[in-house]
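Visitor: Sending over a structure as structure tokens; questions will come in a sec.
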Amino acid sequence: MLTREECCDFLRQHDDYLILTHIRPDGDTLGGAAALCHGLRRLGKRAWLFPNREITRTYEAMITPYYAPGDYAGQTVVAVDVAAAHMLCRGFEGTVHLSLDHHPHGGAFSEQCLVDPSKAAGGELILEILDELLGGIDREEADLLYVAVSTDSGCFRFANTTADTFRAAARLTDAGARIAELNKLLFRSKSRARMLLEGAICSSLLSYRNAEINIAVVTLEMMAHAGAEEDDCQDMADLAGMVIGNKVAVTVRELRPGHCKISLRTDGSVDAIAVCRRFGGGGHRMAAGCEIDLPPFEAAEAVRQVVEEYWP
């Protein structure tokens, strides 16, 4: 495990960077990776992002200009906000030389790592690295890091938000981040298909223990009926947790027949990591995920049973 200073020495000493994001990329991995890429270029390095073809429309305009051209062969591979090897973006094969992460057990797959679980978002860690490397950030990096920090903290609503998260956001605002425009894009815009999909999810919500456990199930049939695409499925893990009295919120999304992605959010009374590890997943104590080879409602029941095992 590197210190921040040792990590910055590593970044100064190497060049020809290829930066990796994770599968089904969110704002933290994309914004943090692109900000690091931009900062390394300001440092005089060659740097590109490995093209993540699962990117959604929300992030394309900001992130895809950083995608590596087809003939680029990076020599130094850095992963940003990737919790485990199986989470690396599809298509990448090779050695990861450095991992920058905020997941408690991140970095185990890389030769070197800097992991700080106290951060609400990986973007907070990237901000500190750019401060160390360059003495501060520019406006482009401020925008990208605001995307990272705001999305992983749920626009500063999640329990992982700390005073340091707000301090980071203030820094990004001072550096020129387009707060109003980005908040509109990220948190106040929904397609008609997304709204129809939310209606279907809420109408089939499963509740247990007097609504202390709530499970939202998203099937391929629901997606098709609403006309929803991947871009319409961001931040769905919030829905089940909005029920009054909720302690554990589970979102089960059918990715293909017989295979589901699970997102688990808790108030801390149930260890989300412990539950998801039972299915080969991981994450944070209050927010974790995994994938299960079961149809959606069977997957929901399997997760509920494990949650019950860890019920306080």
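Visitor: Mind running the shape call on the range 158-312? Use the C-alpha gyration tensor, a ≥ b ≥ c as the square roots of the eigenvalues: rounded below 1.5 for a/c, prolate if a/b tops b/c, oblate otherwise.
Guide: The shape class here is oblate.
Visitor: Roughly speaking, what is the centre-to-centre gap between the range 79-109 and the range 183-234 when only Cα atoms are used, to the nearest Å?
Guide: 29
Visitor: So, one more: Could you tell me what percent of the accessible area of the chain is made up of carbon and sulfur, with a 1.4 Å probe and every protein chain present?
Guide: Here it works out to 50 percent.
Visitor: Each label point is 7 Å from the Cα along the Cα-to-Cβ direction; what then is the distance between the points at N183 and I244, in nm?
Guide: Going from the N183 label point to the I244 one covers 2.7 nm.
Visitor: Tally Lys/Arg at +1 and Asp/Glu at -1 over every other residue whose Cβ is under 15 Å from the Cβ of R41; what's the total? Walk me through the intermediate numbers first.
Guide: Working: positive: R12, R42, K45, R46, R139; negative: D15, D16, D138, E140, E141.
For residues surrounding R41, the net value is 0.
Visitor: Shifting gears a bit: With runs of 4+ DSSP H residues as the only contributors, calculate the mean residue ellipticity of the chain at 222 nm using -39,500 (n - 2.57) per run, divided by the residue total and rounded to the nearest 500.
Guide: Taken over the chain, the calculation gives -12000 deg cm²/dmol.
Visitor: Within 10 Å, count the other beta carbons around each residue, average over each peptide in 281-289, 82-90, 96-104, and list them highest first. Kindly include the intermediate steps, with their values, before the conclusion.
Guide: Numbers: 281-289: 21.4, 82-90: 19.7, 96-104: 23.1.
Output ranking for 281-289, 82-90, 96-104: 96-104, 281-289, 82-90.
Visitor: Excluding ligands, DNA and RNA, what is the solvent-accessible area per residue of the chain at a probe of 1.4 Å, expressed in Å²?
Guide: On a per-residue basis, the chain sits at 44 Å².
Visitor: Starting from 0.36 nm per residue, how many nanometres of slack lie between R139 and D174 once their C-alpha separation is accounted for?
Guide: Length gained, R139 through D174: 11.7 nm.
Visitor: Points 7 angstrom from Cα along the Cβ direction at K190 and D15: gap in nanometres?
Guide: Output for this residue pair reads 5.0 nm.
Visitor: Could you rank the peptides 16-27, 142-153, 67-78 by their average count of other C-beta atoms within 10 Å per residue, with the highest value first?
Guide: Averaged packing, sorted descending, gives the order 142-153, 16-27, 67-78.
Visitor: Need one number: nm distance between label points at L205 and A73, each 7 Å from Cα along Cα→Cβ, rounded to one decimal.
Guide: 5.4
Visitor: Among the lysines, select those whose C-alpha is under 30 Å from the C-alpha of K261, and discard any that sit fewer than 8 residues away in the same chain.
Guide: K119, K184, K190, K247
Visitor: So what's the chain giving for Rg/Rh, alpha carbon basis, Kirkwood Rh from the mean inverse pair distance?
Guide: So for the chain, dividing Rg by the Kirkwood Rh gives 0.96.
Visitor: To continue, here is another question. Which whole-number percentage describes the relative contact order of the chain, with Cα contacts under 8 Å and a sequence gap of 6 or more?
Guide: 13
Visitor: From the square roots a ≥ b ≥ c of the eigenvalues of the alpha-carbon gyration tensor of the range 6-72, which class results: rounded (a/c under 1.5), prolate (a/b over b/c), or oblate?
Guide: It comes out prolate by the Cα gyration axes.
The values are calculated or read from the model by the stated rules, or taken from the named source; none is laboratory data. Everything quoted here is computed from the prediction, not taken from an experiment. Counting neighbours? That spans all protein chains shown, and the Cβs are built from the backbone with ideal geometry, glycine included. Side chains included, ligands, DNA and RNA excluded: accessible areas come from the protein's heavy atoms. Shrake-Rupley method; radii C 1.70, N 1.55, O 1.52, S 1.80 Å.
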